[in-house]
Each structure stands twice: as C-alpha cells, then as structure tokens.
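The values are calculated or read from the model by the stated rules, or taken from the named source; none is laboratory data. Predicted model, so just to flag it, every value in this text is computed and none were measured. Quick reminder, even Gly has a Cβ in these numbers, built from the backbone with ideal geometry, and neighbours come from all protein chains shown. With ligands, DNA and RNA removed, areas are computed over all heavy atoms of the protein, side chains included. Shrake-Rupley method; radii C 1.70, N 1.55, O 1.52, S 1.80 Å.
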Amino acid sequence: MSDDDPAMTAAGIPLLAGFGGPVERLGGLTNRVYRLGGHCLRMPGKGTEEYINRANEAVAAREAAKAGVSPEVLYFDARTGVMVTRFVDGAETMSPETFRLRAGAPGRAGQAFRKLHDSGAVFPFRFELFAMIDGYLKVLSTKDVALPDGYHDVVREADQSVRAALAAHELPLAACHCDPLCENFLDTGDRMWIVDWEYAGMNDPMWDLGDLSVEAKFDTSQEEEMIRAYFGCEPGASERGRIVIYKAMCDLLWTLWGLIQLANANPADDFWAYANGRFSRCKAMMETAAFSGHVAAVAKG
C-alpha cells in the first residue's frame, strides 16, 4: 500500500480494489481526501501520527455515523489511519464564504451539533483544553520552531481565570467534534453532515459552537442563527459566556497546531502566519472588558 498514491492505496483495500474510475482530489489541510465513485478515501498527512490516536478516531467516526451526523464508515485501518466512508452526493463542502451565502447553513450546523451532543454517543477520548495545550507544547519541544512572543504568559492567565470559571459549574460532557473547520461540514441544503473525527472526544458541548463561529468567521447574525437553532430558545448568560470563552481558547490551542504543521513542513498553508494570526486574535479578545464579563458570568453559573 502506497503512502502517496491513492490508486495504489485503494488497490490494497478489498472494498475499492476493483475501482477503475477517476480519482478526484477533494482537499484537506493535513490529510489527503479523494472521491472514488460512491466512496471517499482519506489518507493521513505526514506527521499526524505524532498527535492523532487513530483507534480513538475510528470509534468516534463510527459513533457519529450511528448518531446520523456523519457518513457511514466502510473501512478503517487503525494502524495507518486510512479510512473509507460513503460519499455524500449533492453536498457542498463548506467554507466561510459558503456559510455566508447558503441560506440557513449556520442553523443547520447548529442542528447537527445538537443531534450529536444529544445522541448519547460515547467517545473514548476526553478532549481537555489545557491537557491538549500541554501535549502540543511537548510535541513542539522536540522541534525547531519558536512560540509567538508571550504565548506562555497568555496560557498562564487563561489557566488562572478561564480554567477556574469553567470548573465552577461544569456542564455534563457530551460527544463533540472538537475541530469544526468549515471544510469538515458538508451541506446538502436541507441537512448538514460533519466529517473528520480526528480530534473528537467527550467535551463541553459549547466548545463546538464557539470554535465553529471562529472558523467560519460568523458575524453576529450568523452566530445567533447557529445558537438559536442549537438551543431552540434564548440561552442563558453562562452558556453564552462559554461560547465566547471557547472562541478565544480555540485560537490559543490551534496556534500550537499551526506551529506543528510548520515544523512538519506542511505545504498547505503559511502556518507561521496562521499561528501568529490566531494567537493575536486570542489575546485581543481576552483583553476586552466584554470577555471579562463573560468569564464572570460563567463563574457565576
């Protein structure tokens, strides 16, 4: 089985061995994803084995499919991370632009999150923000990449204020996607599917809402549409506060992810600019009076 050639990889998978049609590249920031007829082939990117547990991902992907929010998993090699799922016909791969242009898309994403969070699915991994930061810092300690100036200071501040507020009134954990890049959403116009469960785990469900708002660059009306579709009513100040907190914290975490991509020479993006942009946005949000008010609301419960 080739590490680079999708046709050769497919030839080693009984389900795809006889496929003779075109192989269409679908994209991906770290992984390579291809369409082969009615199937989708995912081949892991270089270096992902350093921070992705493929056995955990296999369970999460299958549980998400059972919950009705993700395509059926037809093949998964937990050793290599190669995966085959059903291709979703008639679906648009989302981006910030398509979330803005496709009517109702933020609401459909909110509904998909609610369906996942309420499904009762149990994922083997516990996605814990500060443990994830520590883990990524450990990976980066072995690489020749510098952290943005002041990164440790911001982590220390978050550890003292944000962590205490979140712990004061913890929400029940739910099965969460945890990495809601726009490209991980497929919209048919009446239903939103979610794919790519590499980071999925049991988590505070408000993480998914806050992180998607950041990734999709939602404006106020888009964010409200997602929130209203998720809750079906006006959420409380504590729930809103958690969403805002996680908008900052996802930037703090994914800054480190970007630096790992830089260290691994991932050519998909300018990851130095990506990491610094996310860190600057995190700091700017945490320095506002509104952010302090949301932290206080979360601590109050």
*Of all residues in segment 34-49 being surrounded by fewer than 18 Cβ atoms within 10 Å (Cβ to Cβ) and modelled with pLDDT of 95 or more, which is nearest to the chain's Cα centre (by Cα)?*
35
*asked:* If I filter segment 73-83 for residues that are farther than 26 Å from residue 261 by Cα and open to solvent by less than 30 Å² (accessible area, probe 1.4 Å), do I get at least one hit?
replied: yes
*Pick from segment 251-274 the residues that are without any contact (Cβ under 8 Å) to a residue 40 or more places away in the chain and of a type in the set (Asp, Glu): which of them is nearest to residue 51 (Cα to Cα)?*
251
*Residue by residue through segment 122-143, note down the ones that are open to solvent by 90 Å² or more (accessible area, probe 1.4 Å) and in contact (Cβ under 8 Å) with a residue 60 or more places away in the chain.*
122, 126
*What single numbered condition from (1) assigned to a helix (DSSP H, G or I); (2) open to solvent by 10 Å² or more (accessible area, probe 1.4 Å) fails to hold for residue 211?*
(2)
*Checking residue 8 against (1) closer than 13 Å to residue 82 by Cβ; (2) at pLDDT 95 or above, which single condition isn't satisfied?*
(2)
*Could you tell me whether segment 169-188 includes any residue that is surrounded by fewer than 20 Cβ atoms within 10 Å (Cβ to Cβ), modelled with pLDDT of 95 or more and more than 16 Å from the chain's Cα centre (by Cα)?*
yes
*Take residue 202 and decide whether it is more than 17 Å from residue 104 (Cα to Cα), of a type outside the set (Lys, Arg) and either free of Cβ contacts under 8 Å to residues at least 60 places away in the same chain or open to solvent by 50 Å² or more (accessible area, probe 1.4 Å) (or both).*
no
*Might you let me know whether segment 81-95 holds any residue that is β-branched (Val, Ile, Thr), more than 23 Å from residue 51 (Cα to Cα), touching a helix residue (DSSP H, G or I) at 6+ places or on another chain (Cβ under 8 Å) and in contact (Cβ under 8 Å) with a residue 24 or more places away in the chain?*
yes
*Checklist (1) within 17 Å of residue 26 (Cα to Cα); (2) open to solvent by 50 Å² or more (accessible area, probe 1.4 Å); (3) out of contact with any strand residue (DSSP E or B) (no Cβ under 7 Å at 6 or more places or on another chain) applied to residue 86, failing item*: (3)
*State all residues of segment 263-301 that are part of a helix (DSSP H, G or I), aliphatic (A, V, I, L, M) and open to solvent by less than 70 Å² (accessible area, probe 1.4 Å); if no residue qualifies, say none.*
263, 273, 275, 284, 285, 286, 290, 295, 296, 297, 298, 299
*Residues in segment 214-229 that are surrounded by fewer than 24 Cβ atoms within 10 Å (Cβ to Cβ) and not in a loop (DSSP other than H, G, I, E, B): how many?*
11
*Starting from residues that are touching a residue at least 40 places away in the same chain (Cβ under 8 Å) and over 16 Å from residue 85 (Cβ atoms), keep the ones in segment 11-33 and report whichever is surrounded by the most Cβ atoms within 10 Å (Cβ to Cβ).*
30
*residue 146 versus (1) farther than 17 Å from residue 176 by Cβ; (2) touching a residue at least 12 places away in the same chain (Cβ under 8 Å); (3) open to solvent by 60 Å² or more (accessible area, probe 1.4 Å): which is the lone unmet condition?*
(2)
